[in-house]
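All of the numbers you see were taken from the coordinates with simple rules; none came from a lab. Everything numeric in this text was worked out from a predicted model, so none of it was measured. All Cβ positions, even for glycine, are placed from backbone atoms using ideal geometry, and neighbour counts span all protein chains on display.
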Amino acid sequence: MEHSDLAYLGRLFDTFYEVGALPDGGVTRLGYTEAEDEMHRRFTALAKELGCAVETDLAGNTYAYLAPADEYILIGSHLDSVIEGGRYDGVAGVMAGLLLLKRARDERCLLPLKVAAFRCEESSNFGCCTMGSGLVTHQLKEGPEQLARLTGKNGVTLGDVFARRGLSLTPPRITGVRAYLELHIEQGKVLEETNTRVGVVSTIAGPRRWKLQLKGLAEHSGATPMSMRQDALCAAAEIVLAVEQIGRREAALCESVATVGVLQNSPNALNVVPGAAELGIDLRGSRLDSLDRMEQDTLSAAREICQRRNISLTESKLSELDPVSMDPSLQQGLMAAADRLGISCRNMPSGAGHDAMAFAPLFPTGMVFIPCEKGISHNPMESTSLLSILDGADVLWAYLTATR
Ligand code: HGY
Ligand code: MN
Ligand code: MN
């Protein structure tokens, strides 16, 4: 029996700790892989220890609840990670959910709580984010055929992965959700730099993701004159810097950002002029006009650069989600709950995407942020404290118990 909430949170963290662990201290737990499966098995065991019923859906998401109810307040997040990521992204929210289930059980509180662990929230494996939550809320813009063709880092298509697992790319839509709440590390620096204990999220930026395949001509690096090359990597390098410029320009107007996170060069040999290159581009913004400008300008720059360098260009859009706003009354309720607890709090946007994006268009949805050290995330150095997770969980609890 845990003597304190912190002890219980510590045990939860230790239970997940070594899954997908890497020598440098990070973790890789890609969506719909064995590492994520193991995280869901451990989540299931922890939930059953609390006396919860546990269910999964046809997207592979896992749910835990103490007692049957027609409608639930769903507290969720994800258990997958990026490649070489940290141990708190997503996991902190699921830990907070389990803590609140334990608190409801110990205090015999009849709150209809359900905790969800969603699959494949990160775009790291298939290029599409919030896959598990987006499928069961029918909020993914990509249809099942397009999703089935997405290829994971190991070269297997999502369609094959789902077929092998008996999952469906057209699962029934989730029902019985009274509201959706998520606790998550901020993944930015604002809370820490302003010495604020929790954030209440106002909007979540929408992502637009593209894959650009460049085809030049692989040739001898010693014998091919500079004026006679079709160097795909040099074209890609120009595109990388063009994307950065577009992001910097938009950042001066609003909070948009633009990143080339994937760059593959082939044949990637010291004495061969690069014949092909592939870029993964991640555009984010809370304003549709800014997202449109960044998308158009990125594609026009890529087309101009490739045309000038005699490189063929294949563009494919990987995924897109619109920016979403959190429920205004939920925001006020969470801010008021923090105030009652004397926990410093601020309303703030989220540049990172979250499972909450899938729920916001359908149900009242709210998010609580907690600080992470130096704002670092998607990095083995990602860290927060159990006390911060407890702060966020206490704010959720104070809100839920005040409004039941
Ligand atoms: O990429 C993101 O915004 C989040 O970490 N899924
Ligand atoms: Mn993430
Ligand atoms: Mn996350």
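Using a 10 angstrom cutoff on alpha carbons, build the Gaussian network for the chain and name the most mobile of GLY375, GLY392, GLY351.
Comparing GLY375, GLY392, GLY351 in the GNM, the peak value goes to GLY375.
Compute the signed sum of charges (Lys and Arg +1, Asp and Glu -1) over the other residues within less than 9 Å, Cβ to Cβ, of GLY176.
Combined, the nearby Lys, Arg, Asp and Glu give 0.
Rank these for me by crowding, MET348, MET326, MET131, going from fewest to most other beta carbons within 10 Å. Before the final figure, lay out the partial values.
Details: MET348 19, MET326 26, MET131 32.
By the 10 Å Cβ count, ascending: MET348, MET326, MET131.
Placing +1 at every Lys and Arg Cβ and -1 at every Asp and Glu Cβ, with all other atoms neutral, what dipole size does the range 54-205 have around its Cα centre, in debye to the nearest 20?
I would put it at about 260 debye.
Could you line up CYS109, CYS129 from fewest to most neighbouring Cβ atoms inside 10 Å? Provide the component values of the computation, followed by the final result.
Numbers: CYS109 15, CYS129 28.
In increasing order of surrounding Cβ atoms, one gets CYS109, CYS129.
Net charge near GLU373, counting Lys/Arg +1 and Asp/Glu -1 over other residues with Cβ under 11 Å of its Cβ? Walk me through the numbers on the way to the answer.
Details: positive: LYS189, LYS374; negative: GLU186, GLU192, GLU382.
Spelling it out: positives minus negatives among the neighbours equals -1.
Report, in deg cm²/dmol and to the nearest 500, the calculated mean residue ellipticity at 222 nm for the chain, where each DSSP H run with n ≥ 4 adds -39500 (n - 2.57) and the sum is divided by the residue count.
Working: 12 runs with 145 residues, N = 404.
Using -39500 (n - 2.57) per qualifying helix, the result is -11000 deg cm²/dmol.
Add +1 for every Lys or Arg and -1 for every Asp or Glu among the other residues with Cβ under 10 Å from the Cβ of ARG229, and state the total. Please list the in-between numbers first.
Details: positive: ARG309; negative: GLU219, ASP231.
Cβ neighbours under 10 Å give a net charge of -1.
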